[in-house]
1. Express in nm, to one decimal, how much length is gained between ASP17 and ARG128 on full extension, taking 0.36 nm for each residue of separation and deducting their alpha carbon distance.
2. Carbon and sulfur together cover what percent of the accessible area of the stretch 20-85 at a 1.4 Å probe radius?
3. Rounded to the nearest 20 debye, what is the charge dipole size of the stretch 1-91 about its Cα centre when +1 sits on each Lys and Arg Cβ and -1 on each Asp and Glu Cβ?
4. Along the Cα→Cβ direction, 7 angstrom out, place labels at ARG60 and ARG89. What is the inter-label distance in nm?
5. Can you list the HN-Hα couplings for the stretch 15-25, worked out from phi with the Karplus curve (6.51, -1.76, 1.60; θ = phi - 60°), rounded to whole Hz and with x for Gly and Pro?
6. Using mean Cβ contacts within 10 Å as the protection proxy, how do 160-172, 142-154, 53-65 order, highest first?
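The values are calculated or read from the model by the stated rules, or taken from the named source; none is laboratory data. Worth saying up front: this structure is predicted, and the values here are computed from it rather than measured. Every residue, glycine among them, receives a Cβ derived from its backbone with ideal geometry; neighbour counts consider all protein chains shown. Side chains are part of the model used for accessible areas, which takes the heavy atoms of the whole protein and leaves out ligands, DNA and RNA. Shrake-Rupley method; radii C 1.70, N 1.55, O 1.52, S 1.80 Å.
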Amino acid sequence: MLGDDAELTAAVLAAQDGGEDAFRTVYRAVHPRLLGYVRTLVGEPDAEDVASEAWLQIARDLQRFSGDADRFRGWAARIARNRALDHIRMRGRRPAVGGDESELAGEPGESDTADEAMEALATGRTMRLIAQLPQDQAEAVVLRVVVGLDAKTAARTLGKRPGAVRTAAHRGLKRLAELLGPDAGQYGLDAVPPQRAAREEATTAVGVTHSHRWTQRDM
């Protein structure tokens, strides 16, 4: 994910105009964290294949997309989620095993450690721990902290209310801190981010008439 949302927005627009380099930029910016999200849904062995299917659909449907970087990340995550759920239905299972969340009803902490947690959650160890969370918490944590969606965009992706997504993310991060134990401070998870209100999304509809079919090789 690019640090500058304006740069990612520009790359998406250029890709819609048929720019191959721009599409590669979009792919490289979004793919690592999108792949992390897919891993929480289908597990490591199948994640690359499912993510590839998602990118083929993203490439195919790119002309239909309108919006900025935030909307693109949410749109891509929704496509990836649908492909993952199709895969799970075909296999008849979800690999990750959830836990008991009854002890996670506490109020959010005062400090905001989302930036530190973002880097921590990119590690292989922590992503494996995320897979042990209940599915709603795992998805909320990855979408909000790893993919970088705000609560409103994550809620659209999951078909839930923003408040439910904030609560699930808070509970998931609290459980991760417990699983990490003494290491939680080093990973920035000794305090849990507060439930922040979703920021307003300012998006501009973009009409594009050019079309270009992308393949996985283009990425």
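1. Going from the current span to full extension adds 36.1 nm.
2. 41 percent
3. Using only the charged Cβ atoms, the result is roughly 420 debye.
4. With each label placed 7 Å out from Cα toward Cβ, I get 1.5 nm.
5. My calculation for the stretch 15-25 gives 5, 5, 7, x, x, 5, 4, 5, 5, 4, 4 Hz in order.
6. 142-154, 160-172, 53-65
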